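Heads up, the thing below is written out as structure tokens.
Nothing in this text is a laboratory measurement; each read-out follows from the coordinates by a stated rule. This structure is a prediction, so every number in the text was calculated from the model and none was measured. Don't worry about glycine lacking a Cβ; one is built from the backbone with ideal geometry, like all the others, and counts go over all protein chains shown.
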Amino acid sequence: MASTTINAKSRTPQKPTGRALRREGQVPGVYYNSMRDVRYVQFDNIALSRLLKTEFGLLDLMVDGESLPCVIREVQRHPVRGNVVHIDLFGVQKDKILRANVSVNIIGVAKGVKTDGGTMDVTTRELEVECLPADLPNHIDVDVSNLAINDSIHLSDLKLEGITFLADLQTVIVHILPPRVQEEVAAAPGAEAVAEPEVITEKKTETD
């Protein structure tokens, strides 16, 4: 996957605050790498939001005339509005294998759910991978359209060029469960409750 360039400006930590930057249409971020090099940066909100809606692998962060190859480590969003409030970038070497966690993206509606009333159970939401930075995907697509009741997709079913999965290949990604049937026990015909007989005891007559 080709690299993508994004421009940023340097900023002084906490001056202005993240809230003030966002009011100005900017998103605060931080770049860091394994050599403990840290850069505090800010992005144009519109440009960053547009970037995050596209498919890309390696990022070339352009700041102060310098190109810094990196990958997105974390995107923080507002819990209600969903807009980006902060972003973390991790510096990488283009020719060095990296390890990262990539989210699973479910595509389609399983026929076992759509036509047979089953339930889709996504058992794995994130996968750990090793690859070159340029091969790192935003997410891993898993198409469930052809899954019937009791069908599953395992990690071994996923084939991505340049990607090595670090989990057990028998790991279940998604499974289609059969519909739940509520069993009703019908009362047997004519089975009426039988009342227990009343025990009547004879009262003894008192004698003088």
task: Looking at the range 1-118, send over the antiparallel percent of its DSSP beta bridges, to the nearest 5.
output: 75
DSSP-assigned coil residues among trypsin sites (Lys or Arg not before Pro) in the range 39-146, each with at most 14 further Cβ atoms within 10 Å: Lys53, Arg81, Lys94, Lys96, Arg125
- prompt: Separation of the range 144-164 and the range 97-121 by C-alpha centroid, Å?
  reply: 9
task: Give the calculated FRET efficiency between Asn105 and Val38 to the nearest 0.05, with a Förster radius of 45 Å applied to their Cβ-Cβ distance.
output: 0.90
Anisotropy class of the range 4-93 from Cα gyration tensor, a/c 1.5 cut: oblate
task: Determine the calculated [θ] at 222 nm for the chain from helices alone, applying -39500 (n - 2.57) to every DSSP H run no shorter than 4 residues and normalising by the residue count; nearest 500 deg cm²/dmol.
output: -2000 deg cm²/dmol
statement: Within the set Ile140, Ile149, Ile46, GNM on the chain using Cα springs under 10 Å gives the largest fluctuation to Ile46
task: Among the listed pairs Lys96/Lys159; Lys53/Lys159; Lys53/Lys111; Lys15/Lys94; Lys53/Lys114, give every one whose C-alpha distance is greater than 26 Å.
output: Lys53/Lys111; Lys15/Lys94; Lys53/Lys114
